[in-house]
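S.K.: Below are the structure tokens for one structure; questions will follow.
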Amino acid sequence: MPANLTHRYLNAEKAYRKASTLVEELECLNLMLRELPKHKGTDKLQAELKRKISRAKLALEKSSMASARSNLKIPRQGAGQVVIIGAPNSGKSQLMASLTGANSEVASYPYTTRSHLPGLMPWEDLFVQIIDTPPALSGVLSQDTLEIIRAADLVLILGDLGSDEGAEELLKILSEIQGGKTRLGCQSSIDRDQVGVTTTHTLLVWNKDDLLEANDRLDFFQETFKVADQALQRLITSVSLFTISAATGHGVVGLTNGIIQVLDVVRVYTKHPLQKDPDYEKPYAVKRGTCLIEVAKLIHQDLARDFRSARVWGTQVHDGTTVKGDYVVHDKDIVEILTH
Ligand SMILES: Nc1nc2c(ncn2[C@@H]2O[C@H](COP(=O)(O)OP(=O)(O)O)[C@@H](O)[C@H]2O)c(=O)[nH]1
Ligand SMILES: [Mg+2]
């Protein structure tokens with residue numbers, strides 16, 4: 001064993017021996033490799049570390065594939081996936097009902113736990129998938145809920161204006177969740193420095209503003225937040241706020257528009273070359289900035305493979321303009337894809 005291992009290396013090695021998860025293990029191994037003095041005497045150790053790193057990566061990949069599979073419990077539907085979380089009794093199920101309305105299609109997939117219920121929120125000619133979650137008891141979300149948050153486009157975290165404990169309950173959930181690998185923030189991202197850490201775009205929704213005490217409580221809650229952990233304060237002030245009543249519907253339209261704005265999708269209607277009219281029944285919803293070839297892939301792999309050119313009708317181009325696969329689609333474009 002080479003004698004000149006640095007303190008930093010030895011500390012990383014100590015952390016590696018204590019690591020309880022694959023992610024931590026991999027982080028420590030990477031650190032050890034970085035801190036290892038590189039010379040002839042450490043050749044063997046270097047090789048061994050690299051072997052361990054690739055083994056840990058493989059194991060991590062396998063386990064994340066397994067968790068991706070468990071996400072299939074709730075197949076994605078519509079223009080985006082939005083999950084509602086919050087303390088028990090904050091009004092999650094009421095909000096779900098209010099957003100999805102009478103048209104809500106609560107699907108009973110065979111592998112769905114009865115407590116994670118998906119429904120569809122109509123918006124113009126699109127639908128957005130909304131998922132209700134079981135209560136976070138003592139601020140702790142179940143592993144299933146965390147996985148759903150990780151895969152979702154947006155989280156609505158509900159605060160309860162009907163309870164004096166509304167702010168504390170919210171802080172408890174936030175502190176629990178920010179301490180883990182699946183976090184909330186003012187935009188979605190994957191952390192490049194910390195393996196396994198992801199952030200899902202979140203809106204803070206104060207519910208029950210129909211109650212007389214609601215305004216006073218909200219003022220009082222601001223005081224509670226002032227003495228909270230700084231990271232949580234930053235989170236609370238960075239995310240967009242909505243104040244609603246899920247029961248009366250007050251503010252729900254504003255929230256719906258907020259959701260649509262975050263999802264930032266555009267609609268594309270397709271038209272078959274042999275047909276006169278486009279299919280207005282089934283718009284394809286894609287993120288703004290998506291190219292036509294990506295839309296073709298969504299429609300059918302073969303269509304993308306055999307793609308020759310397309311004609312587009314829309315507000316941003318002259319009717320029937322011929323475009324290539326790199327054309328960036330706009331909202332309400334009608335496209336006719338021509339193949340080889
Ligand atoms: N006054 C008022 N009560 C509400 C509102 N939303 C929900 N509630 C009530 O709060 C209680 C809990 O609602 P629920 O949706 O079951 O909460 P969940 O446990 O978060 O799913 C129920 O008695 C609802 O009627 C609201 O906007 N205003
Ligand atoms: Mg509920």
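S.K.: Say whether the condition of being within 22 Å of Ser63 (Cα to Cα), among the hydroxyl-bearing types (Ser, Thr, Tyr) and in a helix (DSSP H, G or I) is met by at least one residue in the range 4-19. Give the derivation first.
M.R.: Of all residues in the range 4-19, those within 22 Å of Ser63 (Cα to Cα) come to 15-19.
Okay, now just the ones that are also among the hydroxyl-bearing types (Ser, Thr, Tyr), so 16.
Filter once more, keeping what is in a helix (DSSP H, G or I): 16.
Yes, there is a match, as at least one residue in the range 4-19 is within 22 Å of Ser63 (Cα to Cα), among the hydroxyl-bearing types (Ser, Thr, Tyr) and in a helix (DSSP H, G or I).
S.K.: Collect the residues in the range 21-49 that are within 17 Å of His7 (Cα to Cα) and touching a Pro at 6+ places or on another chain (Cβ under 6 Å), keeping them in residue-number order.
M.R.: Selection gives Thr42 alone.
S.K.: Another question about this same structure. Looking at the range 186-207, which of its residues are assigned to a strand (DSSP E or B), touching a helix residue (DSSP H, G or I) at 6+ places or on another chain (Cβ under 7 Å) and either of a type in the set (D, E, K, R) or at pLDDT 95 or above (or both)?
M.R.: Scanning the range 186-207 gives Thr200, His201, Leu203, Leu204, Val205, Trp206, Asn207.
S.K.: I'd like to verify a number: residues in the range 252-281 that are in contact with a strand residue (DSSP E or B) (Cβ under 8 Å, 6 or more places away or on another chain) and over 14 Å from Val312 (Cβ atoms), how many?
M.R.: Number satisfying all stated conditions: 13.
S.K.: From the list Leu58, Leu99, Leu5, Leu33, which one is more than 30 Å from Pro134 (Cα to Cα) and at pLDDT 90 or above?
M.R.: The unique qualifying residue is Leu33.
S.K.: Right, here's the next one. Please go through the range 282-319 and pick out each residue that is under 19 Å from Gln77 (Cβ atoms) and in contact with an Asp or Glu (Cβ under 7 Å, 6 or more places away or on another chain).
M.R.: Pro283, Val286, Lys287
S.K.: Take the residues in the range 102-123 that are within 14 Å of ligand 1 (Cβ to nearest atom) and in a strand (DSSP E or B), then tell me which one is modelled with the highest pLDDT.
M.R.: Per the stated criteria, the residue is Gly119.
S.K.: Where the second residue is of a type in the set (Ser, Thr, Tyr) and the first is more than 16 Å from ligand 2 (Cβ to nearest atom) and lies in the range 73-94, which pairs have Cβ atoms under 6 Å and are six or more apart or on separate chains?
M.R.: Qualifying pairs under 6 Å: Lys73/Tyr111; Lys73/Thr112.
S.K.: Taking only the range 303-336 into account, find how many residues are under 31 Å from the mean Cα position of the chain (by Cα), surrounded by 15 or more Cβ atoms within 10 Å (Cβ to Cβ) and of a type in the set (A, V, I, L, M).
M.R.: So the count comes out to 5.
S.K.: Looking only at the range 167-185, which residues are buried (at least 20 other Cβ atoms within 10 Å of the Cβ) and part of a helix (DSSP H, G or I)?
M.R.: Matches in the range 167-185: Ala167, Glu169, Leu170, Leu171, Ile173, Leu174, Ile177.
S.K.: Of all residues in the range 124-166 being under 16 Å from the mean Cα position of the chain (by Cα), in a strand (DSSP E or B) and closer than 30 Å to Glu281 by Cβ, which is nearest to ligand 2 (Cβ to nearest atom)? Explain how you work it out, then say what you get.
M.R.: Quick first cut of the range 124-166, residues under 16 Å from the mean Cα position of the chain (by Cα) only: 128-133, 141, 143-157.
Imposing the further condition that a residue be in a strand (DSSP E or B) reduces the set to 128-132, 154-157.
Still in the running and closer than 30 Å to Glu281 by Cβ: 128-132, 154, 156.
Values: Val128: 19, Gln129: 17, Ile130: 13, Ile131: 12, Asp132: 6, Leu154: 19, Leu156: 13 Å.
The residue in question is Asp132.
S.K.: Could you check the range 140-153 and list, in sequence order, the residues that are in contact with a Leu (Cβ under 8 Å, 6 or more places away or on another chain) and surrounded by fewer than 22 Cβ atoms within 10 Å (Cβ to Cβ)?
M.R.: Asp153
The values are calculated or read from the model by the stated rules, or taken from the named source; none is laboratory data. The structure presented is a predicted model; accordingly, all values stated were derived computationally and were not measured. All Cβ positions, even for glycine, are placed from backbone atoms using ideal geometry, and neighbour counts span all protein chains on display.
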